[in-house]
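Structure first, then comments.
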Amino acid sequence: MTKNKSFPENFLWGSATSAYQIEGGHLSDGKGPSIWDVFCMIPGKVHQGDTGNTACDHYHRFREDVALMKQLGIKAYRFSISWPRVLPAGRGAVNQAGIDFYNALIDELLLAGIEPWVTLYHWDLPAALEFELHGWLGEGIADAFTEYADLCFQHFGDRVKNWITINEAWVVAILGYGHGVFAPGIQSPDLPYLAGHNLLKAHAKAVQVYRQNYQPQQGGKIGITNNCDWREPLTDSPADQAAAERALEFFLAWFADPIYKGDYPAVMRERLGDRLPSFTPAEKELIQGSSDFFGLNHYTTMYAADASENNAAGSVYGNGGLSADQDVNLSVSPDWALTAMQWAIVPWGCRKLLQWITARYDNPPIYITENGCAFDDQLRDGKVADLERIAFFEGYLGAIQEAIASGVKVEGYFIWSLLDNFEWASGYSKKFGITYVEEGTLRRVPKASAEWYAGVIAENGW
Ligand code: PNW
């Protein structure tokens, strides 16, 4: 690995969170319930019955959290707006207290010299829209999302110059409507493709409103963030190479091809037929070119092997999407170190994925809007001494530098996450960085000092 430590001069360094995972105040000051508020109440859905009711109590402690960001020296902060906090029923009546909260947060960030990056949808759909429209399966959902997005551009767009419409459509579709392990908890072999279709339409409509009514005066940029692992062929056989490519297309090209090429990947159409909805010509036109940047969340890598003969998943569900549709078997190498979430640490997979995106989508500007790791806290003198995390970032940032050196346009990087938080169906753990759970709320635990880390880094020759 090259030891050139420099990143491009204007490279953006940030940290990220999402509303339901950190805010708490789940029904405070007029907020409506989201599908995650409801999902958490169903016994057995979330580890130990945990909820985001209080989470990091960021709703009440955001000034403290912004001070923490300032101390960390981050230049940008990616957070999400809770749709039911500003529109308690999803549409119609506005909750002014919700608008006030995000105004205060944005002002506090700007005062601290930190650029706000706002995600409009990070999974906390207003519960009302689940009942009334069948959530992301419903015909009217794209219009409801556009009404909400419009409200946000109108109230916050004078100060927010970076917008992300949807966080990880793949997770919403596959985990929410395929495996059913995330809200709204639906298990189906077909519905993920309908949910994904509506997510893309919602994204594109919101972008159209921004571009027509706000971007000319406000001058910001808008895009979507998708997640993808790397898929490495298990062997160099043509069948395994094709399997790895197919797995990437079912993961990332599912959502990126319509935006960069105007339609779903051919391999998805071939394999899914009518189970994959079709765009009208007008919709294709609306969706194509609807992202000013390529937002990417990346965490891990798996081997991919052709499974046309023997699909090891043995069911429609697998950890790379709906595996029966892809005929891909996934595995990890026993040599790869794992995070506490059992995700393999494979920095070169990050480099290869960035290069794959660059080749397939003609070198778009990429923002890595999430990358990070979970580890058990190791406390030293009451402070978190997270050596494994330092090594993780050393590896992944080195891989990103290599990608940049090879011509990939990575323009920014956001660490997931600023705060230890509510990890969806996994609930809380003590496994992340800055904070840990104590008596139902999260107590802040400082990191070890910068000097101490500098010593460790020098000692290890990083
Ligand atoms: C992302 N998967 O979630 C989310 O954007 C965050 O809210 C979350 O806390 C973070 O990554 C860590 O999990 C994912 O199964 C959840 O591949 C699941 C998957 C990927 C991303």
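The values are calculated or read from the model by the stated rules, or taken from the named source; none is laboratory data. This structure is a prediction, so every number in the text was calculated from the model and none was measured. All Cβ positions, even for glycine, are placed from backbone atoms using ideal geometry, and neighbour counts span all protein chains on display. These accessible areas exclude ligands, DNA and RNA; they are computed on the full protein's heavy atoms, side chains included. Shrake-Rupley method; radii C 1.70, N 1.55, O 1.52, S 1.80 Å.
Tabulated data for the structure shown
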quantity	calculated
Positive-end extreme of charge dipole, the chain - chosen from MET302, ILE106, LEU397 (charges on Cβ)	ILE106
Inverse mean reciprocal Cα-Cα distance (Kirkwood Rh) of the stretch 12-460, Å	22.3
Computed [θ] at 222 nm, helices only, for the chain once each DSSP H run of length n ≥ 4 contributes -39500 (n - 2.57)	-11000 deg cm²/dmol
Selected from GLN326, TRP83, PHE131, residue furthest toward positive end of dipole (the chain; charges at beta carbon)	TRP83
Sorted largest first, extent of the stretch 207-271 alpha carbons per principal axis (Å)	53, 23, 12
Packing rank of 135-145, 118-128, where each peptide gets the mean count of other beta carbons within 10 Å, highest leading	118-128, 135-145
Positive-end residue of TRP13, SER290, ILE357, charge dipole of the chain with Cβ unit charges	TRP13
Axial C-alpha extent at least 24 Å, average Kyte-Doolittle at least -0.5 - helices from the chain (DSSP)	191-209, 387-405
Å² per residue, accessible surface of the stretch 192-328 at 1.4 Å	36
Simple Cβ-charge dipole of the chain, Lys/Arg +1 and Asp/Glu -1, about Cα centre, in debye nearest 20	760
Mean Cβ count within 10 Å, highest first, over the residues of peptides 13-25, 174-186	13-25, 174-186
